[in-house]
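Working notes for the structure below.
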Amino acid sequence: MKIAVVNDTVYPYFKGGAPKRVWEISERLAQRGHQVHLFSMKYWDGEDVIVNDGVYLHGVCPVQELYIGGKRSIKQAIYFACKLIRPLLKEDFDIVDCSNFPYFPCFSAKLHALVKGSTLVIIWHEVWDNYWYKYLGRKGIFGVLIEKLVARLSKNMIAVSEVTKRQLLSLGVRGDIIVVPNGITFEQIDSASSAGDGSDIIFAGRLIKDKNVDLLIKSTGLIRQAVPDIKCLIIGDGPERNSLEGLVSDLSLEPNVSFSGFLDSSQDVFSRLKASKVFVLPSTREGFGIILLEANACGLPVVTVRHPRNAAADLIIEGRNGFICETDEEDMAGKIMIALERTQDMSPGCLDYAKQYSWDRVVDMIEDAYKSVLQKG
């Protein structure tokens, strides 16, 4: 198959769950003999089109700021979508695989399907629906409308989780929605050695409001009352970092909570995970939660929150690979304490659970999904 993959960011230039999924699948599809073209903003120097590990990378425009004032930039999404049209239409493809977010590129991908006769597949990492009003206030009506429009651009939908599938059905999507989860790279995890200086609690991800890292910091403050030398490492960066560092200062938690920023490689993250005891994912909005599985594969139980938009909670079997808490610092602190006490006993179960989610298995599912939608026509 000749496949176009559309995602405005590309891993490893940009760290994040969605671009990592896109890259891991694209690379393995290329290894299996498919011709894969990945269209993104241009993160590299030199030619607009390069080949990396068998994948053709198309830089359709200069890199634009993704966030303005802590909110995802609509200007960037529209700019990328417009710049995408010409390079995408230059070639014929069997499949155009487009991530649903940030929505506008899906219309460019639909244009290719109309003009060139390709089959459009939209990958849904998450559905926002009424969350748009929380995010944009009254202007959220525009987000609601465009999301519903995108949900009608194709009859071929792939959701990364059962939560996302249920949310798509609530938008009125009819027909079969194929669920293809994310995966993890066991070879990289196995080859990573434990970092020297360990932490008790660890988080990794973008520092944005929905990650609720402030909840983790407050929970650490409560735990410190019982464990004065508790150590919490926060890996990542984002628009909330300054306020989070301010919160650490206000609570006098500088000896207990440290920020590393983004690390240079996944190997570095895995090394820090292996040197820790419990991973905490306080997010109330996760389309899947690859980092949860990566933490499990490093032998760590995970504490995450119960919330209808947190698909990561579906990955937890309580007492086997982690615990689910309420969005409350006292409950979170209590579950973290239980996990700290049981880390050693739970580690084998965490590893066994994570083994279900290899990228090779995920690519098998993607290939089957592509073949299925091509047969339907």
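The values are calculated or read from the model by the stated rules, or taken from the named source; none is laboratory data. Because the structure is predicted, anything quoted here is derived from the model rather than measured. Glycine gets a Cβ as well: all are built from the backbone with ideal geometry, and neighbour counts include every protein chain shown. Accessible surface areas use protein heavy atoms only, side chains included; no ligands, DNA or RNA. Shrake-Rupley method; radii C 1.70, N 1.55, O 1.52, S 1.80 Å.
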Exercise for review: Report yes if some residue within the range 190-206 is under 23 Å from the mean Cα position of the chain (by Cα), among the charged types (D, E, K, R) and buried (at least 18 other Cβ atoms within 10 Å of the Cβ); otherwise report no.
Suggested key: yes
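Given the residues Tyr43, Tyr56, which is the only one that is open to solvent by 70 Å² or more (accessible area, probe 1.4 Å) and of a type in the set (Phe, Trp, Tyr)? Spell out the reasoning first.
Details: Tyr43 fails: open to solvent by 70 Å² or more (accessible area, probe 1.4 Å).
So the residue among Tyr43, Tyr56 that is open to solvent by 70 Å² or more (accessible area, probe 1.4 Å) and of a type in the set (Phe, Trp, Tyr) is Tyr56.
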Practice item. Could you tell me whether any residue of the range 64-74 is under 24 Å from Ser154 (Cβ atoms), within 17 Å of the chain's Cα centre (by Cα) and outside any helix (DSSP H, G or I)? Key: yes
**Study point:** Leading residue by the ranking (farthest from Lys231 (Cα to Cα)) among those in the range 299-327 that are touching a Ser or Thr at 6+ places or on another chain (Cβ under 8 Å), part of a loop (DSSP other than H, G, I, E, B) and not basic (Lys, Arg)
**Key:** His307
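If only one of Phe93, Phe80 is open to solvent by less than 20 Å² (accessible area, probe 1.4 Å) and either free of Cβ contacts under 8 Å to residues at least 24 places away in the same chain or part of a helix (DSSP H, G or I) (or both), which one is it? Before the answer, list the steps.
Working: Phe93 fails: either free of Cβ contacts under 8 Å to residues at least 24 places away in the same chain or part of a helix (DSSP H, G or I) (or both).
The conditions single out Phe80.
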Point to revise | Residue match in the range 328-344 (condition: under 24 Å from Leu216 (Cα atoms), open to solvent by 60 Å² or more (accessible area, probe 1.4 Å) and assigned to a strand (DSSP E or B)) | key: no
Point to revise | Among the candidates Asp250, Asp237, residue that is free of Cβ contacts under 8 Å to residues at least 60 places away in the same chain and over 21 Å from Arg72 (Cβ atoms) | key: Asp250
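Can you give me the number of residues within the range 266-279 that are open to solvent by 40 Å² or more (accessible area, probe 1.4 Å) and within 17 Å of the chain's Cα centre (by Cα)?
Step one: list which residues in the range 266-279 are open to solvent by 40 Å² or more (accessible area, probe 1.4 Å), which gives 267-268, 272, 274, 277.
Within this subset, residues satisfying the condition of being within 17 Å of the chain's Cα centre (by Cα) are none.
Total meeting the criteria: 0.
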Exercise for review: Just one of (1) assigned to a helix (DSSP H, G or I); (2) open to solvent by 60 Å² or more (accessible area, probe 1.4 Å); (3) closer than 19 Å to Glu294 by Cβ trips up Gln356, so point out which.
Suggested key: (1)
Point to revise | Identity of the residue in the range 109-151, under 20 Å from the mean Cα position of the chain (by Cα) and farther than 24 Å from Val96 by Cα, that ends up surrounded by the fewest Cβ atoms within 10 Å (Cβ to Cβ) | key: Tyr135
